[in-house]
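One structure is given below, encoded as structure tokens.
The values are calculated or read from the model by the stated rules, or taken from the named source; none is laboratory data. As the structure is a computational prediction, the values presented were derived from the model and not from experiment. Here the Cβ positions follow ideal geometry from the backbone for every residue, glycine too, while neighbour counts run over all protein chains shown.
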Amino acid sequence: MIKSIGVIGAGQMGSGIAHVSALAGYDVDLVDVDAEALKRAVDTIDRNLTRQVMRGKVSEADRGAALGRIHTGTTYEPFRTSDMVIEAATEKEEVKRSIFKTLTPFLKPGALVASNTSSISITRLAAATDRPAQFIGMHFMNPVPMMSLVELIRGIATDEATFTSVRELAEKLGKTPVASEDFPAFIVNRILLPMINEAVYTLYEGVGTVEAIDVAMRLGANHPMGPLELADFIGLDTCLSVMQVLYEGLADSKYRPCPLLVKYVEAGWLGRKAGRGFYDYRGDKPVPTR
């Protein structure tokens, strides 16, 4: 029975997971090495909960109770009592493996562990822990409070009890779980990221401008956001990481990251979070950079 949840990483995904977990009635320990990131995360959660109150989705009492269930810290000490810990750190395998090696001595024997990775092998990550049978992929979509899907990914050693418990948790968080096999990038990113990469190739080859490509896909395919605008929202470094996982994991040239995507990441133009990507966000409204 999961009652308390630990979350590692106070970025966009970690704060979103803490938000929905606390709102669903779970005690949450949100941990990050950066105390400033924790403060920003709590401010963001408070702001997003207030928005939900204004829209009539959450009562003021529930907002206050949810905030009261979130505790922050910079060490793994609080995880000694957690029933489950969800890792939501940066999308780099060596970082995640290092976190899991440090984390496991703090966990009680029955605690489950999940990774919010969007692309990395769950089997490999589970092998960095002392409990592969109790390890699972739990890939939330961004922004977590608004998106209803969660991909559940079994590693080769994940047992059925772990899968069942985590599926029930996802439903209690108000999410719709789908099961994916442990192949590079799972379901959503296996389909979505090559589309974004192809949009970058379309820009790279001069087929269309940033604006033309995004307008074409919004109006021609009825997408709510153009692929280059979406790439900026996701983060171009994350897009590149997923494409590299696909390219290396499946050894198929169709997954080769576009050189222009690599160039933008090398320039530090990572999208919205950096103020510049395929659009420049530093003015009153986004302006295409190409």
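Entry remark, the stretch 1-22: residues being surrounded by fewer than 24 Cβ atoms within 10 Å (Cβ to Cβ), over 16 Å from the mean Cα position of the chain (by Cα) and either of a type outside the set (V, I, T) or under 17 Å from H139 (Cβ atoms) (or both) number 3 in total. Here the condition is being part of a helix (DSSP H, G or I), among the aliphatic types (A, V, I, L, M), in contact with a Phe, Trp or Tyr (Cβ under 6 Å, 6 or more places away or on another chain) and modelled with pLDDT of 95 or more; of L228, L193, it holds for L228 alone. Quick check: is even one residue across the stretch 232-240 aliphatic (A, V, I, L, M), loosely packed, with under 15 Cβ neighbours inside 10 Å, closer than 19 Å to G275 by Cβ and in contact with a helix residue (DSSP H, G or I) (Cβ under 9 Å, 6 or more places away or on another chain)? No. When the stretch 46-76 is filtered for residues that are exposed (fewer than 11 other Cβ atoms within 10 Å of the Cβ) and either under 15 Å from P143 (Cβ atoms) or β-branched (V, I, T) (or both), the ones remaining, listed by number, are R47, R55, T75. Considering S82, S98, the condition of being among the polar types (S, T, N, Q), touching a residue at least 40 places away in the same chain (Cβ under 8 Å) and more than 17 Å from N142 (Cβ to Cβ) is satisfied by S82 alone. Kindly provide the set of residues from the stretch 191-224 that are under 17 Å from the mean Cα position of the chain (by Cα) and surrounded by fewer than 19 Cβ atoms within 10 Å (Cβ to Cβ), ordered by number. Result: I191, L192. Scanning the stretch 106-152 for residues that are within 14 Å of the chain's Cα centre (by Cα) and either crowded, with 20+ Cβ neighbours inside 10 Å or over 18 Å from E91 (Cα atoms) (or both) yields a total of 20. Considering only residues of the stretch 138-175 that are part of a strand (DSSP E or B) and touching a Lys or Arg at 6+ places or on another chain (Cβ under 8 Å), which is farthest from L230 (Cα to Cα)? Once the filter is applied, the top-ranked residue is L152. Scanning the stretch 155-176 for residues that are in contact with a helix residue (DSSP H, G or I) (Cβ under 7 Å, 6 or more places away or on another chain) and crowded, with 19+ Cβ neighbours inside 10 Å yields G155, T158, T162, L173. Within the option set T129, T102, T117, being closer than 14 Å to I17 by Cα and of a type in the set (S, T, N, Q) holds for one residue only, T117.
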